[in-house]
Amino acid sequence: MEAYQNLIRLMESPHDDNMNTMRALIYAKNNKRVLVAGSTRKRVKLGVLRRKIVLLLISDLEVSEEDLSGLKKIYQESHQNPTRTESQYEVVWIPIVDVRTTPWTEEKQQQFEALQGMMPWYLVYKPSMLAPQVIRYIKEVWRFNKKPVVVALDQQGKSMNNNVLHMLLIWGSLAFPFTRDREEALWREESWRIELVADTLHPAIPTWIEEKKHICLYGGGDIEWIRKFTLTAKAVAEDAGIPLEMLYVGKSGPRKILRNIALEKLGSHALQDLNHINFFWMRLESMWHSKMGLNSTIESDAILEQILTILSFDGGEQGWAEISNGSEIVARARGETILRVLGDYDMWKEYVNQEGFTTALNDHLKYHLDEHPNLNSMIIYRPIFYPTIREKVVCAECGLEMEAH
């Protein structure tokens with residue numbers, strides 16, 4: 001108890017740099033080399049972190065490659081040019097294993113070493129270098145509870161934000177210096193556009209945007225719907241004389257669908273790397289967590305409304321689509337609705353020349369909007385450090401309560 005209270009006082013006290021904080025968190029007796037540099041696998045001293053913003057990646061040994069893939073991609077991209085202001089931070093993995101209550105077996109050692117091999121950043125040499133009072137502080141003050149969190153410490157070692165993982169997944173190094181003020185400022189600059197949704201998922205997206213092409217992101221697990229939708233959408237685009245690029249962004253476990261899209265030459269691009277597909281959905285969930293952490297509601301926040309809609313679309317096997325004209329997202333609908341509207345193209349094609357494709361499509365979508373005989377569901381996480389998240393989430397299309405899993 002005394003050691004824990006001393007740690008709390010130290011973490012709340014002002015310091016000239018971050019070394020007192022780092023030594024308190026990671027036991028470094030006699031200035032030993034307690035860190036491993038992920039890039040070289042060499043042991044280094046805590047001094048490599050002096051006066052730097054430090055992001056503590058806190059997890060247990062059950063963290064998956066999927067959980068790490070998005071953060072790894074962001075870290076490697078930001079450190080390609082280490083002189084940039086937004087690259088002036090380091091990540092340190094803090095593995096939480098209470099060796100007093102959990103026997104350290106050969107299996108756990110192999111699990112620990114396998115995770116080390118996946119990480120390009122700094123990491124603690126041994127979990128035993130975290131004292132009991134540090135583990136307690138991480139769980140009680142930073143509220144770590146199995147799901148990975150990333151705590152941001154400033155150059156003096158003071159905690160700025162108890163979880164910046166969502167900011168990182170949304171904006172990458174643009175989230176630097178990872179404060180709540182920065183998070184709010186980034187959202188004020190944002191609009192619901194294809195760059196926010198798709199990020200760097202496909203290398204051709206920036207070119208499609210520059211060329212003012214229509215871009216259709218779509219997903220779902222029903223291959224029959226995908227066959228009908230891709231063929232119908234391509235036929236409508238050709239008749240309407242609009243350039244259309246289609247990108248399947250999947251759902252959980254889409255391997256068979258990815259193969260079918262390629263083998264059947266359905267005229268659509270698809271994210272072939274499952275990590276990219278997982279990253280797409282992780283970013284959307286991160287946007288939702290971020291907005292809810294800022295106390296946003298769908299009644300007052302148009303971006304949150306769009307985020308909820310896309311997440312609800314992925315709650316089942318049914319398809320969905322979102323269409324942009326260049327950067328601006330102009331239409332979205334569930335699979336049955338958009339397929340029916342495109343199938344009825346002959347009924348509204350005369351309005352394309354008069355009003356433009358986007359307006360004509362949206363007018364017909366509104367006319368055919370389903371009455372939701374079956375409510376969408378949404379798969380969500382509720383981390384304990386977001387106490388403002390409501391148990392009830394309403395559907396952004398009809399306003400009725402959704403099932404939450």
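Read-outs: derived from the displayed coordinates by stated rules, not from any lab. Note that this is a predicted model, so its numbers are computed, not measured. Cβ sites come from the backbone with ideal geometry, for glycine too, and all protein chains shown count toward neighbours.
Once you divide the Cα radius of gyration of the stretch 196-256 by 2.2 N^0.38 Å, the number left is 1.20. Here the 3J(HN,Hα) profile of the stretch 113-126, calculated from phi with Karplus coefficients 6.51, -1.76 and 1.60 at θ = phi - 60°, is 5, 5, 5, 3, x, 8, 9, x, 9, 6, 8, 5, 4, 9 Hz, Gly and Pro shown as x. Note on Arg33/Gln5: beta-carbon distance plugged into 1/(1 + (r/R0)^6) with R0 of 35 Å gives a FRET efficiency of 0.75.
Among the aspartates and glutamates, select those whose C-alpha is under 12 Å from the C-alpha of Lys213, and discard any that sit fewer than 8 residues away in the same chain. Filter leaves Glu245, Glu328. Spatial offset of the stretch 32-66 relative to the stretch 177-227 amounts to 31 Å, using the alpha carbon center of each. Model label sites at Glu65 and Gln88, defined 7 Å from Cα along the beta-carbon direction, differ in position by 3.6 nm. Within the shell defined by Cβ-Cβ distances under 15 Å, the residues around Glu211 carry a net charge of -2, with Lys and Arg each +1 and Asp and Glu each -1.
Considering only Ala114, Leu68, Phe144, and ranking their Cα positions along the charge dipole of the stretch 67-187 that arises from unit charges at the beta-carbon of Lys, Arg, Asp and Glu, the one farthest toward the positive end is Phe144. You can think of it this way: the chain between Thr105 and Lys42 has 20.3 nm of extra reach, that is 0.36 nm per residue less the Cα-Cα gap. Each label was represented as a point 7 Å from its Cα along the Cα-to-Cβ direction; for Ala114 and Asp181 these points are 4.4 nm apart.
Hey, how much of the P(r) for the stretch 8-109 falls beyond 18 Å, as a percent of Cα pairs?
When all Cα pairs of the stretch 8-109 are counted, 60 percent exceed 18 Å.
Counting other C-beta atoms within 10 Å, and keeping those with at most 13, which DSSP coil trypsin sites (Lys or Arg not before Pro) do you find in the stretch 134-198? Kindly include the intermediate steps, with their values, before the conclusion.
On the way: sites: Arg136, Lys139, Arg143, Lys146, Lys158, Arg180, Arg182, Arg188, Arg193; in loops: Arg143, Lys146, Lys158.
Listed in order of number, the matching sites are Lys146.
Net length available on complete extension from Glu211 to His368 is 53.5 nm, with 0.36 nm assigned per residue and the Cα-Cα distance removed.
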